[in-house]
Amino acid sequence: MKKVFTILAMTGLMFLSSVQDIYAQTEPVAEKTFHQVLKQRFIEGGPFFMGIVLVTLILGLAIAIERIIYLNMATTNTDKLVNSVEEAMGSGGVEAAKELCRNTKGPVASIFYQGLDRMDEGVDAAEKAVVAYGGVQMGLLEKNVSWLSLFIALAPMLGFMGTVIGMISAFDSIEAAGDISPAVVAGGIKVALLTTVFGLVVAIILQIFYNYIISKIDSIVNNMEDASIKLVDLLIRNK
C-alpha cells in the first residue's frame, strides 16, 4: 500500500513540475500534443482547485490499485480447496486439513481454518466460527472502499466549486472593465468550466474502478458463502 502511494505521489509531482514549464514558454507552438494541451488546460483552470482535484485522482487511484491487487490475491478456486480439504481430512484428519488451510492464501482458506480449529467443540461451534470469521474477512475485502466512493463524490463537487468561484471572478472582471465584451465573458466562462470538466473526468475514472472493485468483492463473498456451506456439510459427514 505504501509503495503504491509513493509511486502515484511521485507521478503527481512529476506532472505538476511539468505543468510549471508551460509558464516559461513564450514562443507560440504550431501544433501541440495531447499532453501539452492537457497541461495548458490544467493551468487555465487555476492551479488551486485543479490541484485539489488532481490530489483526489491520485489518492483514489492509489486506493483502487491497492484494492485490485488485494482482491486478486484473495481470489481462490473454492471447489479445488474444498476437495483438497476433504482429501486431507480423509488421509490425515483435521490437523492435516488445518495445515493445508494454513498454507493456502485467501479469505476462504482462513475461514476454513477457523472452522476446523473449532471442530473439537462440535459442528455448531465450528459453524458459528465460520460465520463470525466470514464477517471479519468481508470487512477486510471492503477496507478503504468507502474512501474511494468519497473521492468519486468529492471530485465533481470541487470542480463545481471552482466553476462558481471562476464565474464570480469573471463577473468581477466585467465589472472592472465596465463593458460586457465577448472576449472577457468567453475567457472567464472557459476558465471556470475547466474545473468542472476535470472534476467530472476524475469522477468517471474512479467510478469505473469502483464498480469493478464492488463486482470483485461480490464475487469473492459469494464464493465464501458457498464454500462455507460446503465446509459445514463436510464437517457433518466427518464428525
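The values are calculated or read from the model by the stated rules, or taken from the named source; none is laboratory data. These numbers were taken from a predicted model, which means no experiment stands behind them. When we count neighbours, we look across all protein chains shown, and the Cβ atoms used for this are built from the backbone with ideal geometry, even at glycine. Accessible surface is based on the protein model in full, side chains and every heavy atom, while ligands, DNA and RNA are left aside. Shrake-Rupley method; radii C 1.70, N 1.55, O 1.52, S 1.80 Å.
Annotations
- Of all residues in the stretch 27-71, those that are open to solvent by 80 Å² or more (accessible area, probe 1.4 Å), modelled with pLDDT of 65 or more and either among the aromatic types (Phe, Trp, Tyr) or in a helix (DSSP H, G or I) (or both) total 4.
- Residue among Val201, Val221, Val197 that alone is surrounded by fewer than 17 Cβ atoms within 10 Å (Cβ to Cβ) and touching a Lys or Arg at 6+ places or on another chain (Cβ under 9 Å): Val197
- Pick from the stretch 117-170, criterion farther than 21 Å from Glu99 by Cα and more than 32 Å from the chain's Cα centre (by Cα), ranking: least open to solvent (accessible area, probe 1.4 Å): Ala170
- Matching residues in the stretch 85-116 - criterion: being in a helix (DSSP H, G or I), of a type outside the set (Asp, Glu), modelled with pLDDT of 85 or more and open to solvent by 50 Å² or more (accessible area, probe 1.4 Å): Leu100, Arg102, Tyr113, Gln114
- Selection within the stretch 198-218 - in contact (Cβ under 8 Å) with a residue 40 or more places away in the chain and not aromatic (Phe, Trp, Tyr): Gly199, Leu200, Val202, Ala203, Ile205, Leu206, Gln207, Ile213, Ile214, Lys216, Ile217
- Options Gly106, Gly166, Gly159, Gly122; residue that is in contact with a helix residue (DSSP H, G or I) (Cβ under 8 Å, 6 or more places away or on another chain) and at positive phi: Gly106
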